[in-house]
Amino acid sequence: MRFKFKLSPFILICLTGGLAIFSSTMAKNPALPLYAGVLGINDSTLGFVAAASTIVGIIVSFPAAALSDFIGRRRLLLIAAFVFATAPWCYLLVHGVMGLVLVRIYHGLATAILGPIAMAAVADTFDKGRGERIAWYSSATMVGRFLAPLLGGALIFGNDFHWVYIVDGILGVLTMSAALFIKFPAQTLPPKNTPGKPKRDIGKEIIAIVTHRGILSTSLIDAVQYFAYGAIETYLPRFLKEKTNFTPLQIGSLFTAQIIVAALSKPLMGKLSDKYGRLPVIFGGLIFGGLVTLSLGFTTNYVVLIALTSSFGLGLSTVTASTSALVADLSKATNRGSAMGLLSTIMDIGQSAGPIVTGIIIGAFQYKVAFLTVGFVMIIAGLLYAGIMKSVPKVVNT
């Protein structure tokens, strides 16, 4: 009697996402800035290198996700998996700044395609418990994001980066292997045109998404949350370096705690949003996160700071576990990829803007003012969002 071990499509999507983010994060943290230094790339140019993949996400996520509504999630997911499997090996061929930028653009294509399409596939598959399932997928990617810097740092030997990118490449191949085994349920497949039935109008369906107040407002709230995340991730370490004698390990542990709390709490927050509704959870998480952010510039006590960064991680998971699920709720199966692509694009813009705007405020005033500003932005955005969503219908034009 033969025993057959079979993983469900949902588990395989989570495994694919976790391995993909593990691989892509290892390529940049901490390897990218260190590798760039070995290649002779200066600090000002490094910023453009680092931003290359994010810019690709802003440009590609929405059209790729919209295309998946018409040709199916699987094809686009396999394209992303192929890039994950091949991009890490390209770093070994780089000899200068342009080569590194091109590799980062190529690698950025994978994450730009994977994120919204994987979320849409999970949302397609589950109506009941959708928030919890999306949160579990997101937590799987967070595990990869957490493990990557630890393994990546351990595989860098002086100025030798071969092993980090070889192992990174192996993870990319494993990502593609997992993706190949995913059998998408029927509801994730694009509807076929039948005789006598009007053909689908891609332009009309996309316009329905980008003009829907609920989807647009929820995407902007996600951007506000990641605006704050990007600001804190970039400037809290510099603030602590100036104001304290904390070691890099102590500063790093604050963000490790944040990621662990976010990853562990996200499925619970998704389950709460399934039970009690998305809006109260999003609103509560954003206000809570805003209050935490307001407090960051007023203490240099390590125990208090680890409590605050962990609390921010809880607020982050509370908001983002529900925003993706709500966007899925507000869209139809036929244009859900477009909705998730819009969410991903606006989120990337928010996360990119966070360090830029915060840096300007710090340059003009000080860190305390910057953290206060970011916290108030979160709170005000939460209040405005609650008012807007009162009059939003549940679904896009049916």
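The values are calculated or read from the model by the stated rules, or taken from the named source; none is laboratory data. Values in this document were obtained by computation on a predicted structure and should not be read as measured data. Positions of Cβ are backbone-derived with ideal geometry, glycine not excepted, and every protein chain shown enters the neighbour counts. Areas reflect the complete protein model, heavy atoms only, side chains present, ligands, DNA and RNA absent. Shrake-Rupley method; radii C 1.70, N 1.55, O 1.52, S 1.80 Å.
Descriptive notes on the structure:
- Conditions (1) within 24 Å of Val143 (Cβ to Cβ); (2) β-branched (Val, Ile, Thr); (3) modelled with pLDDT under 90; number of the one not met by Ile71: (1)
- Criterion: of a type in the set (A, V, I, L, M) and touching a Pro at 6+ places or on another chain (Cβ under 9 Å) - qualifying residue of Ala339, Ala328: Ala339
- Answer from Gly252, Gly230, Gly284 - the residue that is surrounded by 20 or more Cβ atoms within 10 Å (Cβ to Cβ) and at negative phi: Gly230
- Filtering the range 327-378 to residues that are in contact with a Ser or Thr (Cβ under 8 Å, 6 or more places away or on another chain), surrounded by fewer than 22 Cβ atoms within 10 Å (Cβ to Cβ) and part of a loop (DSSP other than H, G, I, E, B) leaves only Lys332.
- All positions within the range 44-55 that are among the hydrophobic types (A, V, I, L, M, F, W, C) and surrounded by 21 or more Cβ atoms within 10 Å (Cβ to Cβ): Val49
- Residue check, Ile58 open to solvent by 30 Å² or more (accessible area, probe 1.4 Å), free of Cβ contacts under 8 Å to residues at least 60 places away in the same chain and β-branched (Val, Ile, Thr): no
- For Ser391, the conditions (1) polar (S, T, N, Q); (2) assigned to a helix (DSSP H, G or I); (3) open to solvent by 10 Å² or more (accessible area, probe 1.4 Å); (4) more than 25 Å from Gly72 (Cα to Cα) are fulfilled apart from (2).
- Listed conditions (1) at pLDDT 90 or above; (2) closer than 17 Å to Thr373 by Cα are all met by Gly354, apart from (1).
- Listed by first and then second residue, the pairs linking a residue in the range 6-30 that is part of a helix (DSSP H, G or I) to a residue that is at pLDDT 90 or above and of a type in the set (D, E, K, R), with Cβ atoms under 7 Å apart and 6 or more places separating them unless they lie on different chains, are Phe10/Arg133; Ser23/Asp168; Met26/Asp168; Ala27/Asp168.
- Given (1) in contact (Cβ under 8 Å) with a residue 24 or more places away in the chain; (2) more than 23 Å from Arg133 (Cα to Cα); (3) part of a helix (DSSP H, G or I), index of the condition Ile41 fails: (3)
- Residue in the range 317-324 that is surrounded by 24 or more Cβ atoms within 10 Å (Cβ to Cβ), among the small types (Gly, Ala, Ser), outside any helix (DSSP H, G or I) and touching a residue at least 24 places away in the same chain (Cβ under 8 Å) present: no
- Qualifying residue in the range 122-129 (condition: assigned to a loop (DSSP other than H, G, I, E, B), over 14 Å from the mean Cα position of the chain (by Cα) and within 17 Å of Val319 (Cα to Cα)): yes
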